1. Take the residues in the stretch 128-156 that are touching a Phe, Trp or Tyr at 6+ places or on another chain (Cβ under 8 Å) and part of a strand (DSSP E or B), then tell me which one is nearest to Ala110 (Cα to Cα).
2. If we keep just the residues of the stretch 87-102 that are crowded, with 19+ Cβ neighbours inside 10 Å and not hydrophobic (A, V, I, L, M, F, W, C), which is farthest from Leu156 (Cα to Cα)?
3. Determine which single condition Asn108 fails, assuming it passes every other condition in (1) under 17 Å from the mean Cα position of the chain (by Cα); (2) at pLDDT 95 or above.
4. Inside the stretch 109-125, can you point out the residues that are part of a loop (DSSP other than H, G, I, E, B) and touching a Cys at 6+ places or on another chain (Cβ under 9 Å)?
5. Read through the list (1) surrounded by 13 or more Cβ atoms within 10 Å (Cβ to Cβ); (2) over 16 Å from the mean Cα position of the chain (by Cα); (3) acidic (Asp, Glu), then give the number of the only condition that Asp169 fails.
6. Tell me, please, whether a residue that is closer than 16 Å to Phe60 by Cα, assigned to a helix (DSSP H, G or I) and polar (S, T, N, Q) can be found in the stretch 87-95.
7. Out of all the residues in the stretch 114-125, which are among the small types (Gly, Ala, Ser) and surrounded by fewer than 21 Cβ atoms within 10 Å (Cβ to Cβ)?
8. Answer yes or no as to whether Thr59 is buried (at least 20 other Cβ atoms within 10 Å of the Cβ), within 16 Å of the chain's Cα centre (by Cα) and not in a helix (DSSP H, G or I).
Amino acid sequence: MTKRTLALSGVYRLIEPGPVVLVTSASRRRANVMPMSWHMMMEFEPPLLGCIISARNYTFDLIEASGECVVNIPTVDLAKKVVACGNTSGRRIDKFRVFGLTPVPSSNVAAPRIEECFASLECKVADRKMVTKYNMFVFEVVSAWRDPSVRKPRTLHHEGRGAFVVGSDRIRLASKMK
């Protein structure tokens, strides 16, 4: 095998961490929805998520002000709505109304969950130390919801430039993890 050099601007396309999620946030006026794929688990208990949200995004401003959000996990059937949410700004439109997403009240945060997503993680900001330098929030999941009827979720994984991989195949290997 002969490998070729790769432009550094393309590295992110190789190492995307997990499924595309829809982050909901809220202000006194209304709620917003933003797709995000730059996130990672940081701790098991309490569950901590590291999330990169650009300071240019409306969602960044809402989370900075409120200190909370919901990380909603869609399946492939929402792919077109996910992309549409990413191609528009919540500063100008109500994405819930325009894209036909159903806001559901959360139990521990003001931001709504998205009914159409198979799972939702209600989060509060646990650490802001890396926000100024890296736009990285550390969220603690304070409530989690999952639709038990979705047994093998076909999640979206962003490869950049409009390309996605759909995850659904599972393999099981021996493990000593609890």
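1. In this case the residue turns out to be Arg146.
2. Gly90
3. With respect to (1) under 17 Å from the mean Cα position of the chain (by Cα); (2) at pLDDT 95 or above, Asn108 is out only on (1).
4. Of all residues in the stretch 109-125, those part of a loop (DSSP other than H, G, I, E, B) come to 109-112, 115-118.
The answer is Val109, Ala111.
5. Just one mismatch for Asp169, condition (1).
6. no
7. Ala119
8. On the way: buried (at least 20 other Cβ atoms within 10 Å of the Cβ): yes; within 16 Å of the chain's Cα centre (by Cα): yes; not in a helix (DSSP H, G or I): no.
In short, no.
The values are calculated or read from the model by the stated rules, or taken from the named source; none is laboratory data. Quick caveat: nothing in here was measured; it's all calculated off a predicted structure. Because the Cβ atoms are built from the backbone with ideal geometry, glycine has one as well, and the counts that use them run over all protein chains shown.
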